[in-house]
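The values are calculated or read from the model by the stated rules, or taken from the named source; none is laboratory data. What you see is a predicted model, and the numbers here were worked out from it, not measured in a lab. Please note: Cβ atoms are built from the backbone with ideal geometry, for glycine as well, and neighbour counts cover all protein chains shown. Heavy atoms of the whole protein, side chains included, go into the accessibility calculation; ligands, DNA and RNA do not. Shrake-Rupley method; radii C 1.70, N 1.55, O 1.52, S 1.80 Å.
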Amino acid sequence: MNKYSTDVRVFIVLQMARCDENVKAVQRAWQEKFHNKNWPNKRTMARLYAKFKRTGSVEDDKKAMAIATATVVTDGAKQVVDDFFAADPTRFVRRAAEMLGIKRTSLQRIMKELELSPYKIQVTQHLNEDHTQRRSEFAQLMLEKLQTELSLLGQRKAGDHCCPKPPPEKISCVVCNILAWCIWPYFHRWNSKRGELQKVPGRDFIPFLHGHDLVQGHWFMQDGARPHRTADVFEVHNEHFSDRIIGLDYPSHFQSGIEWLPYSSDLNPCDYYLWSYLKSKVWQTSPTNLPELKTAITTAVDTIDSEACSRVMVGFQNHLTAVLVKDGGHFEPLYH
């Protein structure tokens, strides 16, 4: 095996691991890479792979092997691990250790030296004590208001991501007003070169809301997008909704309204229900231009009847109750 370079040895070990020690498969990989059939024989490959599993090294030097037995962090081992995860970065550490024939603790040490982090799926964001307290206070306040207030008005920014292939002429955002009995879509556009509309997004749909009697007695829930949190935007909202605003940073401007919560999409009907539902419907039609996109969104909204809206609002109350039960923490998904 002395005639083979370290790179070739690493290649053999990596292929033996990937191919579950199937020598014929390794030979095919060799021919694809080196364009010849001068591969080591089956016994040589097996011995090299067995030695690597035992020592963590592909080198022949006995002293290096002895050191590798203690540390299991050799250049050869690191190269194999690096190549392995480069080819499939989603492998779990335990399974990777089995496939490479390395102890899991040794693999973790090698990964640390290579600055590789284990692949983890994070379902929810971390909530600290302040977050859970604020979520509990918000849930309690909302439950009380739902007993006395007529409805809540939800507004969130959607847009091109509703369409699998964004049309050339873009919609800046889609405003949906979700109430206990209906949903109103409104298509809002602005030219980024025209300072005023860009400066105060949403100004032009206020008359629309007044025209549908969606201001007096209604609450406005504003998302946290940066263009929606400027002083000018808050001035417009305050003029029409006063203290009936739920929005990030809003209370700091007017000492009224309700501060939006961190990591709380589970408490916004638009987030946990509406947008996912609309996107699933719009994607089915694959609109390719602006008129098709508007039609698809409007049609999808029309499929949500008053009973569905009512269920969503009941679900909102259930979410608030679940937050209190969990002392402000996350809860298992609730279906409506």
statement: Ignoring ligands and nucleic acids, E137 exposes an accessible area, probe 1.4 Å, in Å² to the nearest 10, of 110 Å²
message: Using only the heavy atoms of the protein chains and a 1.4 Å probe, how would K145, K103 rank by accessible area, largest first?
response: K103, K145
task: For the stretch 5-47, just say rounded, prolate or oblate: build the C-alpha gyration tensor, square-root its eigenvalues into a ≥ b ≥ c, call rounded for a/c under 1.5, and beyond that prolate if a/b exceeds b/c, oblate if not.
output: rounded
- line: Put Y277, Y250 in order of accessible area, largest first, probe 1.4 Å, and you get Y277, Y250
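Using the beta-carbon distance between A87 and R43 and R0 = 41 Å, what value does 1/(1 + (r/R0)^6) give for FRET efficiency, to the nearest 0.05? Walk me through the intermediate numbers first.
Working: r = 26 Å, r/R0 = 0.64.
Using R0 = 41 Å, I get an efficiency of 0.95.
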query: Can you pick out the pairs among K33/K103; K3/K112; K33/K112; K3/K33; K3/K24 whose Cα atoms lie more than 24 Å from each other?
result: K33/K103; K3/K112; K33/K112
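Within the stretch 204-244, what whole-number % of the accessible surface is contributed by carbon and sulfur, with the 1.4 Å probe and all protein chains included in the calculation? Mind showing how you got there, number by number?
On the way: 840 of 1780 Å².
Here carbon and sulfur together make up 47 percent of the probe-accessible area.
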- request: Could you check the simple spin-label distance between T285 and K3, using points 7 Å along Cα→Cβ, in nm with one decimal?
  value: 6.9 nm
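Extension gain T298-E137, at 0.36 nm per residue separation less the Cα-Cα distance, in nm? Can you show the working numbers first?
On the way: separation 161, 0.36 × 161 = 57.96 nm, distance 3.58 nm.
Gain in length upon complete extension: 54.4 nm.
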message: Let me check something: with ligands and nucleic acids excluded, how do H237, H35, H131, H212 order by accessible area (1.4 Å probe), largest to smallest?
response: H35, H212, H131, H237
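Taking 0.36 nm per residue of separation and subtracting the Cα-Cα distance, what length does fully extending Y263 through V325 add?
On the way: separation 62, 0.36 × 62 = 22.32 nm, distance 1.77 nm.
Contour length minus the Cα-Cα distance gives 20.6 nm.
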- line: Taking the alpha-carbon centre of each part, the distance from the stretch 295-336 to the stretch 244-280 in Å is 13 Å
message: Quick check: pseudo-label points 7 Å beyond the Cα along Cα→Cβ at H35 and T148, how many nm apart are they?
response: 8.2 nm
query: At a probe radius of 1.4 Å, what is the per-residue accessible area of L116, in Å² to the nearest 10?
result: 50 Å²
task: Compute the label zone of E113 within the stretch 77-95: residues whose backbone N is under 16 Å from the point 7 Å along Cα-to-Cβ.
output: 77-85
